[in-house]
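The values are calculated or read from the model by the stated rules, or taken from the named source; none is laboratory data. Quantities reported herein were computed from a predicted structural model and do not represent experimental measurements. FYI the Cβ positions are ideal-geometry reconstructions off the backbone, even for glycines, and counts take in every protein chain you see.
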Amino acid sequence: MSLDTDLNTDLKADPDTGARRPDESLEALMPVATTAQTRRAAMALLRPHRGLVALAAALLTAATLTGLATPMLLGHLVDVVIEGEDVTRLITLTGVALAGVAALSAVLNAVSHYYVIRAGEQAAAGLREEVMEHALNLPLAQVERAGRGDLVSRVTSDVRVVTSATSEVLPKFVSALLTVGLTIVGLGVLDWRFAVAALLAVPIQARALVWYLRRSKPIYAAERAAEGQMAGRVLDSVGAADTVTALRLGPAHLRAAEDKSNAVVSLSLRTVVLITRFYGRLNLAELVGLSAVLVAGFFLVSDKSVTVGAATAAALFFHRLFSPIGQLLGLFDDLQEAGAGLARLVGVTLVERRPEPADPPAPRDASVAADGLVFGYRDGRDVLSGVSLAIEPGERVAVVGTTGAGKSSLVRVLAGVHEPRHGSVLLGGVPRAELGMYGTSRAIAMVTQEVHVFAGTVADDLRLAAGPDAGDGELLAALEAVGARSWVEALPDGLRTRVGEGAWSLTATQAQQLALARLMLVPAQIVVLDEATAEAGSSGALALEASAEAVMRGRTAIVVAHRLQQAARADRVIVMSEGRIVEQGTHDDLAVGTGVYARLWAAWSDTRPAQAPTDQRGSAISGGNVK
Amino acid sequence: MIVPTSATSASPPKPHTPGQVLKHALTASGRGRRLFGASAGLTSHQVAEALVPVMIGVVIDQAVATGDTGALVRWLVVLALLFTGLLLSWRFAARASAVVEQRGAHAVRMSVLNRALSPRGMRTAPMPGELFSVATSDALGVAGFTRTLSTKLAAAAGVIAAAVSLLMISLPLGLLVLLGTPPVLLLMQVVAKPLERRTVHNQALAARAGAIAGDMLSGLRVLGGIGAQGVAARRYREASRESLAATLRAERTQAWYTVAADSVTGAFVVLVAVLGAFMVADGAVTPGELVAVVGLAQYLRGPLIDVAYFGAGLAASRASARRVADLLNAEGAVGTGASEVPSGGGELRLDGVDAGPLRGVSLTARPGELLGVVTLDAVQARALSDLCARRTDPEAGAVLLDGVALSDLDPDAVRRAVVAPPHDPVLFAGTLLDNVVPGAEEGEAGDTALAALRAACADEVADGLPGGLRAMVAERGLSLSGGQRQRVALARALATRARVLVLHDPTTSVDPVTEARIADDVRGLRSGATTLLITGSPSLLAACDRVVVIGEYGVSHEGTHAALLSEVPAYREAVLA
């Protein structure tokens, strides 16, 4: 069919997905569960609630059976009036029965749906908590390689899809399934030939469903992908309108957005074509089934096998099936989607975690020692090629070098984000691996250029670091130390002010000060600041450097520095180039002479190399604790 | 199969009212005819649906009860025709209405984007998220009125068809159904109102756990840095339990509503059936007609509820249309201008300019000069950059390009001569090359790009990526690090080879070693052209021909970086502290 070939070429031809589509090796990093694994996980999730599941199933069956009584009674009503004996009493009796059935089925329907939802929701809540617990404790490096977006979309949209399927799709699907099944049984009770007539519709429906599912999956996936790309394009453009207009990129951006938007339009229209064909086939099945039931009624009434009332009831039975059958087949899509979401969620729980040591040894002191560190990202090139260093407790070390020299990789290996391929890291004399994830984070803490203000109150944000039991006084003291107390107290609700996404918005400097305040509150005696003060403009940088001073006081500190003033204030400067340490020593020693650092400092502090750099530093830096 | 609507024809006439936006989305470019067709198609579909139970009744009466084979065949043929009509009219209507809706949304989307990316800018710029939601969800909201209009028209037709059938079958029964249904629906609404409020509240609570999860994982690196995963997991568990409780409360509320609604409608149908049965017994109606009446009483509920929601649908689409219209009518940050862009060497002069944080600033960047500008703070720097690109006009004084005031020039024309990109280094989805020289192929443009990348020390970015210049960059450039983005953005600015280039803090995320190299290379690449470097970085200032310092009241100092360092302690303090 031309539809399919068109679609496939569309998917392949798209040039823009390249950067975002995870390749296979990345997908392997964040697994998706197989059908069998998913089924096992779903069963395991439902097991604790099996009493509830059984109750829900029983109620649902009762509700469906009660629902079937209505057309039966209506058929009976027809028989009563046709036979014409004792009409008033029989009509009244049937009417009372109909009213009772209506009330009972209303109650049973609602209650049974509630219990199905309750069982499903409880299982779904258990799942999402387990997935989140897992996700938070995955090795950071692995999450970042697989792409944080993948994980975020799993715990947000996949969880949403699965839970909404639980409360919306599941009860409808189960009850539609029961209705269809029991109605066929009901037809059989009237006369088995009615059931046979009704079943004539089934092959048509089955074929229609297979036809539809085979086509709908790729076309919906393509539609969603196109929508994502269009949204990305639009956000890209409107999010940076100033850049677009400054560089006169408007027309090009409009064209690109128009292409993406048109792709969405044509794919949506294709899905509509598909749906209308599918429902056309279902209509055909309805016609065939209904005619067959009417014909069966005709012949059965002719040879007096059934009454006119029974024939009426049979036709009404079948007519009542139109909407549950449509629902059942229509819901297959949602169920498929929920199944895919469930597989992705269960996949997160399948990632193997490094076991935590049961009783990790305590670090002796706040020293750091690294020996022969070799490390490279997956593409094979080594970013660190044999780095060894020893940092005394309480020492402050600045790491300087060009981009790509390996500064950030070095501190990330020291902090346990990455495992080195060769070499070892000792924190307080204990090998990092023996400390485990928890022990490492109690020994060494890190703040990077990346700021994130967690949605919630300022106090909530700080208690992530301080623990849930920390008092306001402790939090305020930390804020005071980093110079953030005054502005926090000036917020509308002080510590109770909601910040983060969708709430009070903090400036870049404030957000980074909050990050430094968190660092004040953790027990770790070794701190790493990776360009933690870089992106704040020159006035903000001064405030942040004062905050950073407070964080580093009394601790071992490793600072990746962009402003050389930070290096000048350190006890020791390490200069890195191409994955190696090329110079190290005090600022005073390195700033004179002809080394890399000396040239750098000269360019930074003055253009005239004739002037002695030490003199300048003395006057330029006030209050720095240069030894 | 689909003719794309071009961006220009997509913009509705001005000034824009919500009504016009709606009308344009639904009726422009031949969409009106399709909308009419869709409504007609859906109407006949509804009527056909209403007739199905009537047909069942007729077959029972005429064929099953009488045993007349001829009648059976005749009426089954009619039933088949009815289904064919039902199927075809729905298929046609669904497709036509989808075309109107999708293309209408596309038209609205493009007109919103057109406005958002207009060189005139916006006086009060909405947040990107807001613009995005207008361009996507509000565009769909406006076009969604297609569905409201066509389905509600059809539902009304269905109601009328059912009413006529009912009245023809039996006047009293018809009247009972027609007069009884509205109060029944009204009663359901009354029951629903307070429940709806509680449901919405509980749903909002239920959505919170998802928001927390996304937030926590977005900050995963930060959490990992301070070892806070355990606290975060515990916090999520609490939120998840609260969400569960809220969901179950919402569902309990929903269950009560279902009980009430189903009982009321069920009771009403029973009433109709019982009264109908008495009338059959009296011989006033036939058994088949009773079947039809009961079927119609059940059928009526759907379209009647549907019709009742017309107001809500219209209100939602109008609200979207109002947001779209407001955006289209948004006042520009600057006006247009008719003067020709002067040809000249590229002298940029500020003459007694007041603008926001800038007071009485007069300075001149001479043709071919590399001028460093040091400001008190980032706000001043930004204001200066905005003035140079004519993103804003000065409150007093003038900004002149080769002697012509920028406020007399079209903003887009200004930017052909003066390139002043904003400080935030935003890249776009596409190849690296396309980001540096937009729309470029290899060859000459590739050479320009390479030279610019080299000068910005961004060539190593290309070297480090699979595919080099052809490597794909993700949306907003987020696949690159902050420092990489900044250098590629610098290369992009350099590659424009603008007569006047204004760079605002282009190297804040670049280490000092690289920064010193960039300073030299930019100097070399821009020789002969005018460049303003608004920065506090000593490495960059050292490479400038001349440096001016802007204080609270205009330019406070001027000279070379070296001279200012040794002579002006305040300057020393500002750039070296």
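Computed values, structure above
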| item | result |
| --- | --- |
| Filter result for A:Gly386 (surrounded by fewer than 21 Cβ atoms within 10 Å (Cβ to Cβ), of a type outside the set (A, V, I, L, M), over 31 Å from the mean Cα position of the chain (by Cα) and within 30 Å of B:Thr514 (Cα to Cα)) | yes |
| Qualifying position, being out of contact with any Asp or Glu (no Cβ under 6 Å at 6 or more places or on another chain) and crowded, with 24+ Cβ neighbours inside 10 Å, among B:Ala498, B:Ala456 | B:Ala456 |
| Single condition B:His557 does not satisfy, out of (1) in contact with a Leu (Cβ under 8 Å, 6 or more places away or on another chain); (2) over 20 Å from B:Val379 (Cβ atoms); (3) surrounded by fewer than 24 Cβ atoms within 10 Å (Cβ to Cβ) | (2) |
| Test result for B:Pro466, under 30 Å from A:Val399 (Cβ atoms), in contact with a Phe, Trp or Tyr (Cβ under 7 Å, 6 or more places away or on another chain) and modelled with pLDDT under 90 | no |
| Sole residue being loosely packed, with under 15 Cβ neighbours inside 10 Å, among the aliphatic types (A, V, I, L, M), modelled with pLDDT under 90 and at negative phi, chosen from A:Val185, A:Val162, A:Val210 | A:Val185 |
| Complete set of residues in segment B:492-519 that are modelled with pLDDT of 90 or more and in a helix (DSSP H, G or I) | B:Arg492, B:Ala493, B:Leu494, B:Ala495, B:Ile518, B:Ala519 |
| Among residues of segment B:186-242, those that are more than 12 Å from chain A (Cβ to nearest Cβ), among the β-branched types (Val, Ile, Thr) and over 28 Å from the mean Cα position of the chain (by Cα), counted | 2 |
| Residue match in segment A:253-265 (condition: over 23 Å from B:Gly288 (Cα atoms), surrounded by fewer than 19 Cβ atoms within 10 Å (Cβ to Cβ) and either facing another protein chain (nearest Cβ under 10 Å) or hydroxyl-bearing (Ser, Thr, Tyr) (or both)) | yes |
| Extreme residue, farthest from B:Arg237 (Cα to Cα), among residues of segment A:89-125 that are more than 9 Å from chain B (Cβ to nearest Cβ) and under 37 Å from the mean Cα position of the chain (by Cα) | A:Leu108 |
| Filtered residues of segment B:108-151 (kept if within 25 Å of B:Gly37 (Cβ to Cβ) and assigned to a loop (DSSP other than H, G, I, E, B)) | B:Gly144 |
| Segment A:581-602 residues that are in the same structural domain as A:Ser408 (by TED's automatic domain parsing), paired with ones that are buried (at least 18 other Cβ atoms within 10 Å of the Cβ) and of a type in the set (Ser, Thr, Tyr) (beta carbon under 6 Å, 6 or more apart) | A:Glu583/A:Tyr597; A:Leu590/A:Tyr597 |
| Matching residues, segment A:255-272, being in contact (Cβ under 8 Å) with a residue 12 or more places away in the chain and touching a Leu at 6+ places or on another chain (Cβ under 9 Å) | A:Ala257, A:Ser261, A:Leu267, A:Arg270 |
| Checklist (1) within 23 Å of A:Thr166 (Cα to Cα); (2) away from chain B (no Cβ under 11 Å); (3) in contact with a helix residue (DSSP H, G or I) (Cβ under 9 Å, 6 or more places away or on another chain) applied to A:Met72, failing item | (1) |
| Within segment B:538-554, considering residues that are closer than 16 Å to B:Thr375 by Cβ and of a type in the set (A, V, I, L, M), the one surrounded by the fewest Cβ atoms within 10 Å (Cβ to Cβ) | B:Val549 |
| Residue identified as more than 23 Å from A:Pro523 (Cβ to Cβ) and touching a residue at least 24 places away in the same chain (Cβ under 8 Å) among B:Ala211, B:Ala192 | B:Ala192 |
| Only listed residue being out of contact with any Ser or Thr (no Cβ under 8 Å at 6 or more places or on another chain) and surrounded by fewer than 18 Cβ atoms within 10 Å (Cβ to Cβ), chosen from A:Gln142, A:Gln205 | A:Gln142 |
| Scope segment A:296-306; condition free of Cβ contacts under 8 Å to residues at least 60 places away in the same chain, at the interface with chain B (Cβ under 9 Å from one of its Cβ atoms) and not hydrophobic (A, V, I, L, M, F, W, C); matching residues | A:Ser302 |
| B:Thr336 vs. criteria surrounded by fewer than 17 Cβ atoms within 10 Å (Cβ to Cβ), free of Cβ contacts under 8 Å to residues at least 24 places away in the same chain and outside any helix (DSSP H, G or I) | no |
| The lone exception for A:Thr457 - which of (1) more than 11 Å from every other protein chain (Cβ to nearest Cβ); (2) in contact with a His (Cβ under 6 Å, 6 or more places away or on another chain) it fails | (2) |
| So B:Ala542, is it over 20 Å from B:Val361 (Cα atoms), within 12 Å of another protein chain (Cβ to nearest Cβ), without any contact (Cβ under 8 Å) to a residue 40 or more places away in the chain and of a type in the set (A, V, I, L, M, F, W, C) | yes |
| Enumeration of residues in segment B:96-119 that are facing another protein chain (nearest Cβ under 7 Å), closer than 21 Å to B:Thr136 by Cα and in contact (Cβ under 8 Å) with a residue 12 or more places away in the chain | B:Val99, B:Gln102, B:Arg103, B:His106, B:Arg109, B:Met110, B:Leu113, B:Asn114, B:Ala116 |
| Breaking point among (1) without any contact (Cβ under 8 Å) to a residue 24 or more places away in the chain; (2) buried (at least 18 other Cβ atoms within 10 Å of the Cβ); (3) closer than 30 Å to B:Val419 by Cβ, for A:Met230 | (1) |
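Conditions (1) assigned to a loop (DSSP other than H, G, I, E, B); (2) at positive phi; (3) surrounded by fewer than 22 Cβ atoms within 10 Å (Cβ to Cβ); (4) in contact (Cβ under 8 Å) with a residue 60 or more places away in the chain, marked per residue:
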| site | (1), (2), (3), (4) |
| --- | --- |
| A:Pro420 | yes, no, yes, no |
| A:Gly473 | no, no, yes, no |
| A:Val488 | no, no, no, no |
| A:Pro492 | yes, no, yes, no |
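Matching residues to (1) facing another protein chain (nearest Cβ under 9 Å); (2) over 25 Å from B:Gly57 (Cβ atoms):
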{"residue": "A:Ser268", "(1), (2)": "yes, yes"}
{"residue": "A:Arg281", "(1), (2)": "no, yes"}
{"residue": "A:Val288", "(1), (2)": "no, no"}
{"residue": "A:Leu294", "(1), (2)": "yes, no"}
{"residue": "A:Val308", "(1), (2)": "yes, no"}
{"residue": "A:Ala313", "(1), (2)": "no, no"}
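A quick yes/no check of all residues on (1) within 9 Å of chain A (Cβ to nearest Cβ); (2) modelled with pLDDT of 95 or more; (3) surrounded by fewer than 20 Cβ atoms within 10 Å (Cβ to Cβ); (4) in a helix (DSSP H, G or I):
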position: B:Leu42; (1), (2), (3), (4): no, no, no, yes
position: B:Gln46; (1), (2), (3), (4): no, no, no, yes
position: B:Pro53; (1), (2), (3), (4): yes, no, no, yes
position: B:Val58; (1), (2), (3), (4): no, no, no, yes
position: B:Gln62; (1), (2), (3), (4): no, no, yes, yes
